[in-house]
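Accompanying notes for the structure given below.
Computed from the coordinates by the stated procedures, all read-outs in this text should not be read as laboratory data. No experiment lies behind these values; they were computed from the predicted model shown. Cβ placement follows ideal geometry from the backbone for every residue including glycine, while neighbour counts extend to all protein chains displayed.
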Amino acid sequence: MFTNYRARTGRNLILIGYRGSGKTTIGKDLARNLGLNFLDTDTAIQETTRQSIRDIFVNQGEPAFREMETATLTTFASQMDLEPSVIATGGGIVMRPENRELLKRLGLVVWIEVTPQIAIQRISQDLYTAEQRPALTDHSLADEVHKMIAERTPIYRELADVQISNNDDETDPDMVADCLISELRNTDWYSNLVKLIDT
Ligand code: S3P
């Protein structure tokens, strides 16, 4: 785990990381254990458009989907009454500089790191992936995952306030969430959250 806390005024906890890193599973555990709401940018886009992410890629193309990600973050950031939430994000959301600014504004950023080997294993075992998730390149799954993780890792690292790895399938996701919460207790973000909940 590494930490690199910067002053974050946003009240949310943002999860970034590649496909198969466990953002959704760990995010839901975090939300439950911290008593926060859970949001997911992909789900928000699917609800707004009533299309699967895969259909959006096929019918409108990836650039249109990236616009939708920015619009979703903008909406979250402008909702002053947004309950403090754990926000899981799509793995590629960090590629646009304006999204990185929005994510920083929204709250404390946690990068859940996964190795290419484990990501490939999880993605190939996940039926949802086959049906719903678009391919991101013309390469084989293994080449795509290696290429994307190599390209995105410096960006995840730069953006993250906290990093945690989730590469051991023997470890319950709830334990990863607990470990993160112990670390988060040291942050101003957490003190502000407790004050907010107490008032
Ligand atoms: C993407 C990851 C997906 C989804 C879209 C693009 C990416 O989200 O946003 O298919 O570019 O890595 P998950 O990371 O939740 O799979």
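Sort Trp189, Trp111 by Cβ crowding within 10 Å, fewest neighbours at the top.
The order, fewest Cβ neighbours first, is Trp189, Trp111.
Summing +1 for each Lys or Arg and -1 for each Asp or Glu, what net charge is found among the other residues whose Cβ lies under 15 Å from the Cβ of His146? List each step's numbers first, then the result.
On the way: positive: Arg19, Arg122, Lys147, Arg152; negative: Glu113, Asp138, Asp143, Glu144, Glu151.
Result for the neighbourhood of His146: -1.
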Open item on the list: Counting only other residues whose beta carbon sits under 14 Å from that of Ala64, what net charge do I get with K and R as +1, D and E as -1?
Closed with: -1
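At 222 nm, what value in deg cm²/dmol follows for the chain if DSSP H runs of at least 4 each add -39500 (n - 2.57) and the sum is divided by all its residues, to the nearest 500?
Working: 10 runs with 114 residues, N = 199.
-17500 deg cm²/dmol, from helical runs alone.
Quick check: from the Cα gyration tensor, does region 41-199 come out rounded (a/c under 1.5), prolate or oblate?
Details: a/c = 1.86, a/b = 1.25, b/c = 1.49.
Oblate.
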- [ ] Apply the Karplus parameterisation 6.51 cos²θ - 1.76 cosθ + 1.60, with θ equal to phi minus 60°, to every residue of region 119-124 and state each ³J(HN,Hα) to the nearest whole Hz, in sequence, with x for glycine and proline.
- [x] 4, 4, 4, 5, 5, 6
Task: Net +/- balance of residues flanking Ala31 in space, Cβ distance below 15 Å, scoring K and R +1, D and E -1 - done: -1
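Let me know the shape class of region 1-68, please: from the alpha-carbon gyration tensor, a ≥ b ≥ c as square roots of the eigenvalues, rounded when a/c is under 1.5, otherwise prolate if a/b is greater than b/c, or oblate. Write down the numbers at each step before the final one.
Working: a/c = 2.13, a/b = 1.84, b/c = 1.16.
Cα axes put region 1-68 in the prolate bin.
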TODO: Would you mind ranking Ile56, Ile155, Ile26 so that the residue whose beta carbon has the fewest other beta carbons within 10 Å leads the list?
DONE: Ile155, Ile56, Ile26
TODO: Putting +1 on Lys and Arg Cβ atoms and -1 on Asp and Glu Cβ atoms, find which of Thr171, Gln117, Met148 reaches farthest to the positive end of the dipole of region 116-176.
DONE: Met148
- [ ] Label region 41-85 by shape, choosing from rounded, prolate and oblate, from the square roots a ≥ b ≥ c of the eigenvalues of the Cα gyration tensor; if a/c is under 1.5 it is rounded, and otherwise prolate applies when a/b is larger than b/c, oblate when it is not.
- [x] prolate
- [ ] Note down the relative contact order for the chain as a percent, whole number, built from C-alpha pairs under 8 angstrom at least six residues apart.
- [x] 37
- [ ] List the lysines whose Cα lies under 25 Å from the Cα of Lys28, skipping any in the same chain that are fewer than 8 positions away.
- [x] Lys104, Lys195
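In which sequence would Ile87, Ile164, Ile53 go, from the one with the fewest C-beta neighbours within 10 Å to the one with the most? Each step should come with its number before you reach the end.
On the way: Ile87 28, Ile164 22, Ile53 18.
Least to most surrounded, the residues fall as Ile53, Ile164, Ile87.
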